[in-house]
Structures are given as structure tokens and as C-alpha cells.
1. Starting from the Cα gyration tensor of the stretch 26-167, take the square roots of the eigenvalues, sort them a ≥ b ≥ c, and report rounded, prolate or oblate (rounded when a/c is under 1.5, otherwise prolate if a/b is larger than b/c, else oblate).
2. Could you list the trypsin sites (Lys or Arg not before Pro) in the stretch 1-49 that lie in coil according to DSSP, counting only those with at most 11 other Cβ atoms within 10 Å of their Cβ?
3. Given +1 on the Cβ of Lys and Arg, -1 on the Cβ of Asp and Glu, and no further charges, what dipole in debye does the chain carry about its Cα centre, rounded to the nearest 20?
4. Pop out the ³J(HN,Hα) list for the stretch 28-41 in order, Karplus 6.51 cos²θ - 1.76 cosθ + 1.60 with θ = phi - 60°, rounded to Hz; leave Gly and Pro as x.
5. Over the stretch 6-137, what is the relative contact order in whole percent, taking alpha-carbon pairs under 8 Å and six or more residues apart?
6. Residues with amide H under 5 Å of Ala57's amide H, sequence separation 5 or more or different chain, H placed in the peptide plane at 1.01 Å from N; which?
7. Looking at the stretch 194-292, which chymotrypsin sites (Phe, Trp or Tyr not before Pro) are in a loop (DSSP not H, G, I, E or B) and have at most 13 other Cβ atoms within 10 Å?
8. Which chymotrypsin sites (Phe, Trp or Tyr not before Pro) in the stretch 1-50 sit in a loop by DSSP (not H, G, I, E or B) and have at most 12 other Cβ atoms within 10 Å of their own Cβ?
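Only the coordinates and a few stated rules stand behind these numbers; no lab work does. Owing to the predicted nature of the structure, the values given are computational and were not obtained by experimental measurement. Every residue, glycine among them, receives a Cβ derived from its backbone with ideal geometry; neighbour counts consider all protein chains shown.
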Amino acid sequence: MASKKKKIVVIGRSNLQNLYIHTVLLKKFSAEIYLIDDLAKASVQDFEYASYYHPAATISTGSFNECRNADLVIFFQEEMSDSTISKEENLALIKEKVKKMMATGFQGNVIVATAESNVVAALIKRFSGLPGNQIITLGTSLATSYFQVEIAKLFKISPKNVHGYIIGDNSSDVIPVWSRAFLGGKPILSYLTEEPKRITAEDLQNLANRMTKIPDFPFENKDGCTFRFSTVTVLAELTEVILRDEARVLTVGVEVKSAYGLAEPVFVSVPAVIGASGVQELLELNLSEDEQKELKQIATKTTQKLELMQLDKGGIS
């Protein structure tokens, strides 16, 4: 018996939209994909021309009504990257889209694919009333995977044998968790004393500095890199993990309520088990004292950004 098609609804506009759908199509799982965008008709026709090559998936335009029985909503908002759009305007746009989404009875998972994604995730939770475990951001998943690849290069081994995490928020607000980084089961920091000719503290610091150049959403830097392909690769991977209920450990933006000694619930990027129900389990790392302090500082920054969006302390309005 053929499995039931999964339903993905893409809300909002982004220059990553078509590249994301193309990357999802390459994964060849059975899905109905709906674009809630008045300007999406040309994109849908483009994908229709290639439908012979992706028979298991269909791409259509639609209205917010498509959210009613959707398994997954991809929440884009390119305005969050536009400095000419005020915080108040972005807040109004988020609220409008979330209210329309929830008016259909939507109860699926949401992946937030925007700049300041942890802030947007908190707003979506507030306006939707959805449980926090059903809202996920890309967080530091790209930085974590790149971190593992770069460590593997330093030690000339496969990235599959590297276990390490980048946690926090985005860009400069990230923490390489060296205290919990391992090659197989051996702590990486132990090499500094046991094999100082092989690896130095300067090597590790240079690697950590490279991690601060990876944003939570694409932008063009001075080198001309927009992070478009790398971002949609991670976004499509997260989509697959949820729709196929893979229960994989990913370093993504999730709501942390009481773990890590944080003062109040906040969305921050940490390792979590992700599957069909969203965040199935939070894996709390045993951080060093300095790492713990840095994470608390990042969480405070996120809370302050929310306050700057002029949210009151009451219920959903």
C-alpha cells in the first residue's frame, strides 16, 4: 500500500523558496507542497514542466486554508532581513500570517526560516498557542555540521567520527562546545596536552572564529557568499527528519524551559531529538562554567530582542 503523501505548506516569500523546493524534490519523498504566495504561479508552472522527474511530489499554489491538515509549515519572511522594514511592521506581518494559519485548525509543526529565527519562533508560539515543541528554527545546525567537517580536516579523519556542537543563536552569538567535543570517544581538548605538535589552542581558536561567520539566514558578506545553497540543504534535511520521523539529534533552535539553568523559557539552539512530533527530547549538555555563562548571556540577548519588538506581558492578542 502506498504511504499517505505528506503535506508541506510554504508561507511567506523568500529568494530561497524555489531552491528549497528543488532540494526537497531531490529527496524523492511523497509530498504535496503548497505555496501561499500570489507571485508563486510562475514558480509552480516551472516545477510542473519537470513533473515527469518528480512524480511522487506535487507543487501547487494555495490559500491559508491548506494549513488545515498540513504536516509541516515552512515559515519564510524575507522582510526580517530588510533594514528598511521596521520591527513594528515585521511584528504585524508575523501576527497576521500566524492568525490566518491557526484559523484553519492547523496542528502540525513549523520550521522557522528567517533572520532572527529564535525571536520569530517565540512570536509564532505567542500568536499561535502551539506547544513550543512544534516550533523549530534552523538554529546552529549549519554551523554544527561545518564545525564537525573542519575538525575532521584538522585531524585528517572522517566527519562521521567527530562529535561536537555549536550552540547559541547566530553569527557572533555562537558557542563551540569544546568541553563536549570528541573524536570517537576521546575528548578533543586532551590532544592539547597529549599531542601538542598535532593540534594547538591557536588551531582551535582559528576554527572557532570561522564559525562566527555563519548566520542563521543567508546574507551576502564581503566575500560575496550568500549561504543560499548551504542553508536550503539544512532546511531540506530538517524537513526530511520531521516528515520521516527519523528521531535524529540535531542542533536546532528549540524552546528551552528549564534546562541549562536559564531564567525563563527562551528559544535557543541546542542539541535535541527531532521527529514527527517536533522536538521529542532535549539533550542537555554538561557545559563548562564559561560555556554555561555564555549561553545565559545569549539567552538574555534573545529576550531583550523580544522586548524591543514591544510585546506586552499578557496573553495572545
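1. Verdict is oblate for the stretch 26-167.
2. Listed in order of number, the matching sites are Lys4.
3. 660
4. 6, 9, 6, 8, 9, 10, 10, 9, 9, 7, 4, 9, 8, 4
5. Dividing the mean separation by the residue count of the stretch 6-137 yields 26 percent.
6. Those qualifying (amide H under 5 Å, at least 5 residues apart or on another chain) are Ala31.
7. Details: sites: Phe219, Phe227, Phe229, Tyr260, Phe267; in loops: Phe219, Phe227.
Those that pass, being in a loop and sparsely packed, are Phe219.
8. Qualifying residues, ordered by number: none.
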